[in-house]
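S.K.: Once you've had a glance at the structure underneath, I'll fire off some questions.
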Amino acid sequence: MLTEPADLSPDAVLAVVREHWDVGIVSAAYLPRGAGAHHWVGSGRHQPRWLVTADDVATDGRLEELLDSYAAARELAARGHHVVVPTVAPETEPTGVGVVLAAYLLTVAPYLEGEPGPGEYADDNQRALIAGALGGLHAERPPARTRPWTPGPPRRSELGILLTRLGGPWSAGPFGESVRQALRRSGPELGRLYQRFDQLAAQALEGREGWVATHGEPHTANVLWQLGGPVLVDWESLRVAPRERDLRTVLRGADGAEPLSAYVAHGGTAELDDDMVELFDLEWWLWEVAEYAVRFHAPHDGDDDDARFHQAFLDEVVPAVERAVTKQTAR
């Protein structure tokens, strides 16, 4: 997130990291990055050492979900999957994952130099590097604490309620009316997209014996490009699921067969299911619609995060939903 949390100061983060991970760090500086969790860079006297992450765990079950996902990712890294950047166990609790502070789970990972990429993969060479790493991951036996993917999308019921409130103004913040107007155009068709999602999800559940351990969000913003090869960050979305949950992102837009060949060469299979690609496309965009609708119906200040999420809603989410609606209409 671009905006620091009002209820979690750098001094508080520094104190927790010094107590539970590294007594030698001397500063924690907020890192305005990402779109969900908050981050700080924990530094020693001469250089950054740690990336500190605070995930909101106020929602029922979220803490247990994150503990399982981060523990499973750490096991994958221990098995030799170098694409996985695991969290570091607290010195005060070696078998644990992180420390709960107020409404947050604080975790620590090594600070890695490297810039995440924007938007699409630049070329097939980049796609092939990630596809090869995912091939090895998908061929691996999932760790015991890897949770199965469950059909959502999240906040479906909340979106359903908000779609009944499109007749009056959304005046709790500066971007509410813009989002309401966009939903008035596409909202009536969202039910059809959810019906299609339900149909495809049922199909996916019938093939659970073929599910694999998936990252879930291997887009370029979660890739750090390093001299030794790319690594994937943000493993909180790790789930056992159809392989297309990952591959829809990595293989889309490929110019040739190199990315798929790299995936197969490292343990993946060339048999991909277009229905499953559609399923996880729908899940992503319906989730995004619900997230933004809930955010901008509620009170909001219009800060930097609000502004970029509002622009993303207009530039990315609305067109994607309109394309999905058009596809369903043409069936």
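The values are calculated or read from the model by the stated rules, or taken from the named source; none is laboratory data. Please read all numbers here as calculations on a predicted model, not as lab measurements. Please note: Cβ atoms are built from the backbone with ideal geometry, for glycine as well, and neighbour counts cover all protein chains shown. SASA here: full protein model, heavy atoms, side chains in, ligands and nucleic acids out. Shrake-Rupley method; radii C 1.70, N 1.55, O 1.52, S 1.80 Å.
S.K.: Assess whether ALA131 counts as being in contact with a Ser or Thr (Cβ under 9 Å, 6 or more places away or on another chain), crowded, with 16+ Cβ neighbours inside 10 Å and either farther than 22 Å from VAL233 by Cβ or of a type outside the set (D, E, K, R) (or both).
M.R.: Values: in contact with a Ser or Thr (Cβ under 9 Å, 6 or more places away or on another chain): yes; crowded, with 16+ Cβ neighbours inside 10 Å: yes; either farther than 22 Å from VAL233 by Cβ or of a type outside the set (D, E, K, R) (or both): yes.
The answer is yes for ALA131.
S.K.: Looking at region 295-331, which of the residues that are under 18 Å from the mean Cα position of the chain (by Cα) and open to solvent by 30 Å² or more (accessible area, probe 1.4 Å) is nearest to THR214 (Cα to Cα)?
M.R.: GLU316
S.K.: Only one of (1) more than 13 Å from LEU101 (Cβ to Cβ); (2) open to solvent by less than 60 Å² (accessible area, probe 1.4 Å); (3) free of Cβ contacts under 8 Å to residues at least 40 places away in the same chain fails for VAL23. Which number is that?
M.R.: (2)
S.K.: Of everything in region 37-66, what is open to solvent by 60 Å² or more (accessible area, probe 1.4 Å), of a type outside the set (A, V, I, L, M, F, W, C) and outside any strand (DSSP E or B)? Give them in sequence order.
M.R.: Within region 37-66, ARG45, HIS46, GLN47, THR59, ASP60, ARG62, GLU64 qualify.
S.K.: Between a first residue in region 251-270 that is at pLDDT 95 or above and open to solvent by 60 Å² or more (accessible area, probe 1.4 Å) and a second residue that is part of a helix (DSSP H, G or I) and polar (S, T, N, Q), which pairs have beta carbons less than 9 Å apart while being 6 or more apart in sequence or on different chains?
M.R.: The qualifying pairs are GLU258/ASN125.
S.K.: Tell me whether region 27-45 contains one or more residues that are aliphatic (A, V, I, L, M), more than 18 Å from ASP234 (Cβ to Cβ) and without any contact (Cβ under 8 Å) to a residue 40 or more places away in the chain.
M.R.: yes
S.K.: Check every one of the helices (runs of 4 or more DSSP H) wholly within region 168-285 and list those with 3 or more residues that are closer than 28 Å to PRO299 by Cβ. Steps first, answer last, please.
M.R.: Details: elements: 176-206, 244-251, 258-265.
Answer list for region 168-285: 176-206.
S.K.: Any idea which of (1) open to solvent by less than 50 Å² (accessible area, probe 1.4 Å); (2) closer than 29 Å to THR107 by Cβ; (3) touching a residue at least 60 places away in the same chain (Cβ under 8 Å) is the one ARG156 doesn't satisfy?
M.R.: (1)
S.K.: Does ARG33 satisfy being open to solvent by 40 Å² or more (accessible area, probe 1.4 Å), more than 19 Å from VAL88 (Cα to Cα) and either within 24 Å of the chain's Cα centre (by Cα) or not small (Gly, Ala, Ser) (or both)?
M.R.: Yes: the conditions hold for ARG33.
S.K.: Oh, and also: If GLN126 satisfies every condition in (1) open to solvent by less than 10 Å² (accessible area, probe 1.4 Å); (2) assigned to a helix (DSSP H, G or I) but one, which is the exception?
M.R.: (1)
S.K.: So the check is Cβ under 9 Å with 6+ separation or different chains; which pairs have a first residue in region 93-105 that's β-branched (Val, Ile, Thr) and a second one that's open to solvent by 80 Å² or more (accessible area, probe 1.4 Å) and modelled with pLDDT of 85 or more?
M.R.: Cβ pairs passing all conditions: VAL99/GLU19; VAL99/THR92.
Here is a yes/no grid of residues against (1) touching a residue at least 40 places away in the same chain (Cβ under 8 Å); (2) closer than 24 Å to ALA270 by Cα; (3) crowded, with 16+ Cβ neighbours inside 10 Å:
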site	(1), (2), (3)
ARG196	yes, no, yes
GLY207	no, yes, no
TRP211	yes, yes, yes
GLU217	no, yes, yes
TRP235	yes, no, yes
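S.K.: Identify, by number, the condition in (1) touching a Gly at 6+ places or on another chain (Cβ under 6 Å); (2) surrounded by fewer than 18 Cβ atoms within 10 Å (Cβ to Cβ) that GLY80 doesn't meet.
M.R.: (1)
S.K.: Let me ask something else. Scan region 289-318 for residues that are closer than 13 Å to SER186 by Cβ and either without any contact (Cβ under 8 Å) to a residue 40 or more places away in the chain or out of contact with any Leu (no Cβ under 6 Å at 6 or more places or on another chain) (or both) and jot them down.
M.R.: VAL289, TYR292, PHE313, LEU314, VAL317, VAL318
S.K.: What single numbered condition from (1) among the polar types (S, T, N, Q); (2) open to solvent by 30 Å² or more (accessible area, probe 1.4 Å); (3) touching a residue at least 60 places away in the same chain (Cβ under 8 Å) fails to hold for SER171?
M.R.: Exception for SER171: condition (3).
S.K.: Another question about this same structure. Do we have any residue at all in region 2-20 that's assigned to a loop (DSSP other than H, G, I, E, B), among the hydrophobic types (A, V, I, L, M, F, W, C), under 24 Å from LEU224 (Cβ atoms) and without any contact (Cβ under 8 Å) to a residue 60 or more places away in the chain?
M.R.: Within region 2-20, not a single residue is assigned to a loop (DSSP other than H, G, I, E, B), among the hydrophobic types (A, V, I, L, M, F, W, C), under 24 Å from LEU224 (Cβ atoms) and without any contact (Cβ under 8 Å) to a residue 60 or more places away in the chain.
S.K.: Of the conditions (1) open to solvent by 50 Å² or more (accessible area, probe 1.4 Å); (2) closer than 21 Å to LEU232 by Cβ; (3) outside any loop (DSSP other than H, G, I, E, B); (4) touching a helix residue (DSSP H, G or I) at 6+ places or on another chain (Cβ under 9 Å), GLU75 satisfies every one except a single condition; which number is it?
M.R.: Here GLU75 meets the rest and fails (4).
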